[in-house]
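Enquirer: Would you mind keeping the following structure in view while I ask a few things?
Just so you know, all these numbers are worked out from the coordinates, no wet-lab data involved. It should be emphasised that the depicted structure is a prediction, and the values quoted were computed from it without experimental measurement. Virtual Cβ from ideal backbone geometry, glycine too; neighbours counted across all protein chains shown.
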Amino acid sequence: MNYTVNLLMSQFVTHDVKRFIVSKPSGYSVMPGQGVELAINRPGLSEQGRPFTPTGLAADRVLEFTIKGYANHADGVTRLLHQLEPGAELLMSEPFGTISYQGPGVFIAGGAGVTPFLAILRDLARRGELGGQTLIFSNKTPRDVICEQELRHLLGERCLLLCTAADAPGYAHRRIDRAYLEEKISDFDQRFYVCGPPPFMEAVNAALTGLGTRVESLVFER
Ligand SMILES: Cc1cc2nc3c(=O)[nH]c(=O)nc-3n(C[C@H](O)[C@H](O)[C@H](O)COP(=O)(O)OP(=O)(O)OC[C@H]3O[C@@H](n4cnc5c(N)ncnc54)[C@H](O)[C@@H]3O)c2cc1C
């Protein structure tokens, strides 16, 4: 990996997701939605790169990552990342393309799959271009929702939150399926951005194409 960077601080965003602020190499530039590989710079771990999405703004003097820690992954890197103290060294790759903004549309995320959309929506907010964007964001329970206050503030009525495993006011208690999309979306001939676990993406993409969305209008990590 090409860069050695330092963890400057970390803090909880939800009970199992942390925000990591990392030093930014001079001249390093990431497009909103791009991913990078990160590894912990310690013997035995430096080859264990994992993909993550910078969630800060391009002009920030530091990099931000929003990373879910899997405590049950015995050899997992995210579990160890969550235990790092400020000053720890990370190895970082060049950014690589995954999801990029291609115009107004509907962003559909499951869990930590919201991270590329956080980067894109924050960039659009900075440019005053949030009008016409909708976010549909599914989680298990309200306590799992990453950056809920910020997303509700940015998108207002166009921030639609669902919880599959909890019935609580302010969240639809259901999955994102064909019936839900038909209820909430009137135009399927527009751009849809989809990110989440592979089965989530497959189900949402199938529902959208079944409702008439063209495959070329689906933006997801292929
Ligand atoms: C392009 C891209 C961008 C991404 N961006 C982000 C991001 O910004 N934020 C984010 O949070 N995530 C992101 N992810 C997902 C993230 O990369 C994974 O969560 C991460 O790689 C998991 O690493 P890990 O080492 O903890 O676990 P893994 O490498 O998946 O597994 C490590 C070990 O844990 C054990 N294990 C695995 N699964 C289980 C299980 N279900 N139960 C018990 N043990 C298990 C196995 O022993 C395995 O060898 C992104 C993924 C991609 C592809």
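Enquirer: Once the dipole of segment 1-149 is set up with Lys and Arg at +1 and Asp and Glu at -1 on Cβ about the Cα centre, which of 27, 46, 2 lies farthest towards its positive end?
Expert: 27
Enquirer: Still on this structure: Within 10 Å of each residue's Cβ, count the other Cβ atoms and sort 159, 195 from fewest upward.
Expert: Fewest-to-most ranking of 159, 195: 159, 195.
Enquirer: A follow-up question, please. Just check segment 1-143 against the gyration tensor rule for me: Cα atoms, a ≥ b ≥ c as the square roots of the eigenvalues, rounded for a/c under 1.5, and otherwise prolate or oblate depending on whether a/b exceeds b/c.
Expert: Oblate is the answer for segment 1-143, as a/c is 1.5 or above yet b/c matches or exceeds a/b.
Enquirer: If you average the sequence gap of Cα pairs under 8 Å that are 6 or more apart and divide by the length of segment 57-205, what percent do you get for the contact order?
Expert: Relative contact order, segment 57-205: 23 percent.
Enquirer: Same structure again: Tally Lys/Arg at +1 and Asp/Glu at -1 over every other residue whose Cβ is under 12 Å from the Cβ of residue 18; what's the total?
Expert: Local charge sum for residue 18: +1.
Enquirer: Return the percentage of antiparallel bridges among DSSP beta bridges fully within the chain, rounded to the nearest 5 %.
Expert: The antiparallel proportion sits near 55 percent.
Enquirer: When a footprinting reagent is the concern and you count Cβ atoms within 10 Å, what order do 193, 3, 171 take, fewest first?
Expert: 3, 171, 193
Enquirer: I'd like the distance separating the alpha-carbon centroids of segment 103-172 and segment 191-222, in whole Å.
Expert: If we compute the Cα centre of each part, the gap is 17 Å.
Enquirer: Rounded, prolate or oblate: which fits segment 1-73 when a ≥ b ≥ c are the square roots of the eigenvalues of the alpha-carbon gyration tensor, with rounded for a/c under 1.5 and prolate only if a/b beats b/c?
Expert: Judged from the Cα gyration tensor, segment 1-73 comes out oblate (a/c at least 1.5, b/c at or above a/b).
Enquirer: Can you pull out the chymotrypsin sites (Phe, Trp or Tyr not before Pro) in segment 43-145 that DSSP calls coil and that have at most 16 other Cβ atoms within 10 Å?
Expert: 70
Enquirer: Still on this structure, I have one more. For every other residue with a beta carbon closer than 12 angstrom to the beta carbon of residue 144, add +1 if it is Lys or Arg and -1 if Asp or Glu, then tell me the sum.
Expert: Net charge in that neighbourhood comes out at +1.
Enquirer: For a quick check of your reading of the filter: which trypsin sites (Lys or Arg not before Pro) in segment 1-109 sit in a DSSP loop and have no more than 11 other Cβ atoms within 10 Å?
Expert: 61
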